[in-house]
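J.: Just passing along the structure, written as structure tokens.
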Amino acid sequence: MGMMQDFQRGDKERRAEVATMLREADAFVKDLAKGSARRASNVAGMFRGLAREDAKRRSEIAANHTEVAGMFRGLAREDAKRRSEVADMLSEADAFVKKLAKGSARRASDVAGMFRGLAREDAKRRSEVAANRTDVAGMFRGLAREDAKRRSEVGAIREEVWGTAPAKKRAASAVVEKTPVGELHDRVFVYLANHPNGTKLTELEEEFGVARSQMARVARELMDSNKVEKRDLLYFAI
């Protein structure tokens, strides 16, 4: 009996404990339900806010898409315009290059013709120069013959005046000293006229057998009378 009573009391206590635990669990569940309702309300509000934000973002994205699409359409039109302008420029450049090529061909032909004309003119000038050289050479040969003739004539005159022997010419110097001054002037002038390349005073002394002082005086008097001029060491008839 005593053990049964103890068991009953223990069972009763356990039942009381289980009842307490059940009441506490029921209260906890109720609290959880209340918290869940608040959380559900909060979550629902958050989702509604997210939905509004998403709608706003979608609206902004749609507007941006519209702007971007318009921008791309504008770029496409501008690109088409640029392509058309570039095509026109290329066409004009091609026409200009062809025109330049034609002009270059004409200019090349003109330049070639000019060079041919210059070549003909140069050949003509060369021919004229060659002819002039021939004429000048003939003229110089004529002058050489004339100079030889003059020299021969002067030699003949000299031979008549001095004789053929140089010793005789030197010996006659004393006589020449007594030659009249006017006659000596004339002879010196004739000698210089027959020597257009000029004559030195020493050559005149030897030629006429006259002392240097007398020959210098004669030359100075001829220069004073504007019949003779002196260039460096040479005397020339005027």
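J.: Taking only region 215-234 into account, find how many residues are of a type outside the set (A, V, I, L, M, F, W, C) and more than 11 Å from His185 (Cα to Cα).
T.: Residues in region 215-234 being of a type outside the set (A, V, I, L, M, F, W, C) and more than 11 Å from His185 (Cα to Cα): 6 in total.
J.: Right, next: Which number in (1) over 47 Å from the mean Cα position of the chain (by Cα); (2) more than 30 Å from Met223 (Cβ to Cβ); (3) at pLDDT 80 or above marks the one condition that Arg141 misses?
T.: Among (1) over 47 Å from the mean Cα position of the chain (by Cα); (2) more than 30 Å from Met223 (Cβ to Cβ); (3) at pLDDT 80 or above, the lone unmet condition for Arg141 is (3).
J.: Assigned to a strand (DSSP E or B) and either over 24 Å from Glu146 (Cα atoms) or at pLDDT 95 or above (or both): does that describe Glu229?
T.: Against the criterion (assigned to a strand (DSSP E or B) and either over 24 Å from Glu146 (Cα atoms) or at pLDDT 95 or above (or both)), Glu229 qualifies.
J.: Counting only residues that are in contact with a helix residue (DSSP H, G or I) (Cβ under 7 Å, 6 or more places away or on another chain) and aliphatic (A, V, I, L, M), which one in region 182-210 is surrounded by the most Cβ atoms within 10 Å (Cβ to Cβ)?
T.: The extreme case among them is Val188.
J.: So, Glu121, is that one in a helix (DSSP H, G or I), at pLDDT 55 or above and surrounded by fewer than 11 Cβ atoms within 10 Å (Cβ to Cβ) or not?
T.: Against the criterion (in a helix (DSSP H, G or I), at pLDDT 55 or above and surrounded by fewer than 11 Cβ atoms within 10 Å (Cβ to Cβ)), Glu121 qualifies.
The values are calculated or read from the model by the stated rules, or taken from the named source; none is laboratory data. These figures come from a predicted structure and were not determined experimentally. Note: ideal-geometry Cβ built from the backbone for every residue, glycine included; neighbour counts use all protein chains shown.
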